[in-house]
1. Looking at residue 261, is it closer than 18 Å to residue 99 by Cα, touching a strand residue (DSSP E or B) at 6+ places or on another chain (Cβ under 9 Å) and buried (at least 16 other Cβ atoms within 10 Å of the Cβ)?
2. Somewhere in region 169-192, is a residue surrounded by fewer than 16 Cβ atoms within 10 Å (Cβ to Cβ), within 16 Å of the chain's Cα centre (by Cα) and part of a loop (DSSP other than H, G, I, E, B)?
3. State the number of residues belonging to region 37-57 that are at pLDDT below 95 and either under 17 Å from residue 234 (Cβ atoms) or surrounded by fewer than 19 Cβ atoms within 10 Å (Cβ to Cβ) (or both).
4. Can you tell me which residues in region 24-65 are assigned to a helix (DSSP H, G or I), without any contact (Cβ under 8 Å) to a residue 60 or more places away in the chain and more than 20 Å from residue 243 (Cβ to Cβ)?
5. Can you name every residue in region 122-162 that is in a helix (DSSP H, G or I) and assigned by TED's automatic domain parsing to the domain that holds residue 69?
6. Can you find a residue that is within 23 Å of residue 36 (Cβ to Cβ) and assigned by TED's automatic domain parsing to the domain that holds residue 72 anywhere in region 109-118?
7. Quick one: count up the residues across region 205-222 that are modelled with pLDDT of 95 or more and not in a strand (DSSP E or B).
């Protein structure tokens, strides 16, 4: 993804009402391929895209459709990267980013400035633009809001996933992402902060976006603040558990653990 000098200014389509959706979760790993292989084997998904643009951040990656949303894995390819420092700070592989999409970015650009959140990386390439927000201002995890032109339909274009992501969708085991779980020393305060950033009401320690729920929980594993779990819309929990068990991965009745992240089952 290219760091933009100027954001795109085209107006949103009249056919695209305002929306804010959980579109992508990003994991970070010391080694890319083992985690990607585990995700594909356990959840019955396929890689749809490798983005060469992440090389400018010292990373390589892979994206997999989980229904019409995505799980990405990034891994450092050199020393001194932000992702590498994050791996050290949290003691290994784990959750990295919560990525939301919207119909237009100008309103978000103005809003985050008003609430005192810096943009760590303005991103733009072709029909795509995004705002990666500064983690010191958001807390919890890296938070990105992005927009792909003509991407109002979940079946439509989504630039980070490549031009042909629809060909790689497999939903026998998983239908999509239902939420994300972020851990913190003060989860209620973090929930309030994210609710203010995302302009959504907070219900205790939950913030609802259009298609998913963000939950904020205490840090109980000693890894510190971060993205601890992903909630999946699951169609075949037994097959997921069996595949995880065959690969020697932690599994329980309602979850499996891959890449240092708990994937919690919710019925599709």
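1. Values: closer than 18 Å to residue 99 by Cα: yes; touching a strand residue (DSSP E or B) at 6+ places or on another chain (Cβ under 9 Å): yes; buried (at least 16 other Cβ atoms within 10 Å of the Cβ): yes.
When the stated conditions are applied, residue 261 passes them.
2. The answer is no, given that none of the residues of region 169-192 is surrounded by fewer than 16 Cβ atoms within 10 Å (Cβ to Cβ), within 16 Å of the chain's Cα centre (by Cα) and part of a loop (DSSP other than H, G, I, E, B).
3. Going residue by residue through region 37-57, those that are at pLDDT below 95 are 51-57.
If we keep only those that are either under 17 Å from residue 234 (Cβ atoms) or surrounded by fewer than 19 Cβ atoms within 10 Å (Cβ to Cβ) (or both) as well, we get 52-57.
Of the residues in that region, 6 qualify.
4. Residues satisfying the conditions are 52, 54, 55, 56, 57.
5. Keep residues of region 122-162 that are in a helix (DSSP H, G or I), which gives 135-138, 159-161.
Within region 122-162, 135, 136, 137, 138 meet the criteria.
6. Within region 109-118, the subset within 23 Å of residue 36 (Cβ to Cβ) is none.
No, region 109-118 contains no residue that is within 23 Å of residue 36 (Cβ to Cβ) and assigned by TED's automatic domain parsing to the domain that holds residue 72.
7. Narrowing region 205-222 to residues modelled with pLDDT of 95 or more: 205-219.
Next cut, not in a strand (DSSP E or B) only: 205, 210-211, 219.
Adding up the residues that qualify gives 4.
Yes or no, residue by residue, for (1) in contact with a helix residue (DSSP H, G or I) (Cβ under 6 Å, 6 or more places away or on another chain); (2) within 22 Å of residue 29 (Cα to Cα):
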| site | (1), (2) |
| --- | --- |
| 202 | yes, no |
| 217 | yes, no |
| 227 | no, yes |
| 237 | no, no |
| 245 | no, yes |
| 250 | no, yes |
| 265 | yes, no |
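The values are calculated or read from the model by the stated rules, or taken from the named source; none is laboratory data. Computed from a prediction, not measured in an experiment: that's the story for all the values here. For neighbour counting, all protein chains shown are included, and Cβ atoms are generated from backbone atoms with ideal geometry for every residue, glycine included.
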